[in-house]
Amino acid sequence: MERLTRGRREDTVGPVGDAIVAARELLELEIVCVSRILHADERRRIPGDGAELTTLSEDAVTIPLESADGRLYGNLVCSTNGSRRQLDERDLRFLRVLGRLIGGQIERYESGLPDRRAPAESAGMQALLAAIEARDRYTGEHSRSVVALSVRVARELELAPREIAQVEQVALLHDVGKVAVPDQILLKSGPLDDNEIEIIRRHPAIGARIVGSVAGLAHLAPAIRSGHERWDGTGYPDRLAGTQIPLPSRITGVCDAYDAMVSKRPYREPLSPADALNELRRQAGSQFCPSSATALIASLRRVPYTAWARGSARATWASG
């Protein structure tokens, strides 16, 4: 069974460690230890909605590790590192999900069942997605919409199944770096000042660092970092141009922009689908990869955007 000491993994049990690394990177947590893994005859079902977190102090908490059917496996103790003083409600929501993810991994490990889930459903990926949802509802819904559109574009471009899978994964995680952006900037109702814009522009590099730290997802880091590069080389953070930009980044970038244009945000009203399509045409070859923009436009002509509306968009990789 896995043991953790001061954020370092020893005898790591695959994706369990990946989920914990994701938590540490996202929330600046220090994983102190697995305080206790219960023996089989000690385990019990947790009534109701499951066990609650136990707050040890303003900067430390004990997480129950529970299976999908409510069995308690043990506890994980977490504390913030030196740069943070306390855990907030968003952190606690994420940690509850993390406890269930790790409990599920322990259950599979002890039962001797191999983890055959697709990469897009791995514990590390799910931990990152849980953090995005806890961070901001809009960001989570936006990511799901971008996934649906990006997979459509990848199929329009006749990419191989393996390439489509990578596009989906990049689309799922393209905004993960925003967990590091303060609420007062991310949710600001007015224009951003120069300093706030600079902070926002750090999120692709932060996202790449987070994803790069998780085994099994590290290969996605370059595409996450390049999500805001532009075809003409005027994007950020590296000013890549044309085919220097990874293909999943090019696809995700145009789908990200389209979904943002047709979505209502605190600082502006949405564009109509027709106006957003005109903007895609106008920016193809400057902001957007021409072939990716053309593929998205063709897909949207056949299937209106309302079919991919918020709340109905879901990852489609598993269905091929």
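When the chain is fully extended, how far beyond the present Cα-Cα distance does residue 271 get from residue 93, taking 0.36 nm per residue of separation?
On the way: separation 178, 0.36 × 178 = 64.08 nm, distance 3.31 nm.
Length difference between fully extended and current span is 60.8 nm.
How do 238, 183 rank when sorted from fewest to most other Cβ atoms within 10 Å of their own Cβ? Kindly include the intermediate steps, with their values, before the conclusion.
Values: 238 16, 183 11.
Placing the least packed residue first, the sequence is 183, 238.
For residue 281 paired with residue 238, estimate the spin-label separation in nm (one decimal), with each label point 7 Å from Cα along the Cα-to-Cβ line.
3.4
Please sort by residue number the trypsin sites (Lys or Arg not before Pro) in the stretch 123-216 whose DSSP state is loop and whose Cβ has at most 16 other Cβ atoms within 10 Å.
Working: sites: 135, 137, 144, 152, 155, 162, 178, 188, 201, 202, 209; in loops: 188, 201, 202.
Sparse-neighbourhood loop trypsin sites (Lys or Arg not before Pro): 188, 201, 202.
Test of understanding: what is the full-extension gain from residue 183 to residue 160, defined as 0.36 nm times their sequence separation minus their Cα-Cα distance?
Numbers: separation 23, 0.36 × 23 = 8.28 nm, distance 3.87 nm.
Full extension from residue 183 to residue 160 adds 4.4 nm.
Looking at the stretch 214-292, which trypsin sites (Lys or Arg not before Pro) are in a loop (DSSP not H, G, I, E or B) and have at most 10 other Cβ atoms within 10 Å? Display every interim value, and only then the final one.
Details: sites: 225, 230, 239, 250, 264, 268, 281, 282; in loops: 230, 239, 264.
Taking the stretch 214-292 and a limit of 10 other Cβ atoms within 10 Å, the loop trypsin sites (Lys or Arg not before Pro) found are 264.
No lab work stands behind these numbers, since they all come straight from the coordinates. Since the structure is predicted, the reported quantities are computational estimates derived from the model, not experimental observations. Virtual Cβ from ideal backbone geometry, glycine too; neighbours counted across all protein chains shown.
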